[in-house]
Amino acid sequence: MSFLRTLGGMGMVGLSVAVFIAAFLLLQAVGAAQRPPEVELLAAARDLRPGEILAEQDLRTLRAFRDEAVEAFLPAEALSQTIGGLVAWPIPAGRPIPRDAVIASAGSRFAALLGDDPGYAALPLFLDAPNLIAPPPETFLPGDLVDLVVVVTAEPPRPEAVAPMPVPTSAAPGITGTAPITLRVPVGKSLFPQGARVLAVMVPSMDPESGMAGPGHPTLVLRIPAADLERAALLLRLADQVSVVHLGRGEGFPERTPAFTYDDFMDWLAEERRRTLESPIGGGP
């Protein structure tokens, strides 16, 4: 009898273990079903620096849950297209590689550079334009970020504007008439405060016999939002001066900036003068 009781007790233990294992497996299956699907991404096998050309040994893969965030990174199946690409900014080892951190390899068509950016276009910028101030072409490398600061010193002539209709005071209490907001010239404006990516640097070849540069212009090809093409083209044409400013990675720069006008300049001078007159002579405490 004691043997049967022992056997019965062991059966209960075995049954309890079986129920526990079944419940554990069920929970595992439910948890796996609730997890989002995974995707393989390309990651840096070592610290990658701007200007380096990617080789296969520079890349590895890692698994991540598929969500909206992973769309910003290169998938593992893009390995063959990524090899030979140029690194645009530093990528620490083990980090997934953003799509726009790698520029197509030398010799690729510009269509390949912009293939994954339907909202962007390539803007050529002649560095020898008479109204442009820029460092030498060799200062720039593909992947660099630059800003264009335009200065307009005089408003171009325009057709005579039609006088605006006055605003009835009864329709808007506190308003006694039209008060158009104007921005006076001279004015300076940053076109790309967050930076426009340099896609290519093109320099005319030198004739070895004469030592003279061949036909063409030293040119930067910039990746800019397609919506900004008309604005940029007009301002580059009308500006009295365009300064090409090297931003590096452009961290900390605002998305948009207010224009700096001549009135702002006068206010700034007045404020500096006031501070100078109020400060003790010699700058001491």
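The values are calculated or read from the model by the stated rules, or taken from the named source; none is laboratory data. Predicted model, so just to flag it, every value in this text is computed and none were measured. A quick note on method: Cβ atoms are made from the backbone with ideal geometry, for glycine too, and the neighbour counts reach across all protein chains shown. These area figures cover heavy atoms from the full protein model, side chains too; ligands, DNA and RNA do not enter into them. Shrake-Rupley method; radii C 1.70, N 1.55, O 1.52, S 1.80 Å.
Summary table below
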| read-out | value |
| --- | --- |
| Amide N proximity, the stretch 186-200 versus Trp268 label position 7 Å along Cα-to-Cβ, cut-off under 14 Å | 186-190 |
| With DNA, RNA and ligands ignored, accessible area of Phe140 (1.4 Å probe; Å², nearest 10) | 10 Å² |
| Radius 13 Å from Cβ of Pro186, net charge of other residues (Lys, Arg +1; Asp, Glu -1) | -2 |
| Candidate residues Arg95, Arg274, Arg237, Arg256: accessible-area rank, largest first, probe 1.4 Å | Arg256, Arg237, Arg95, Arg274 |
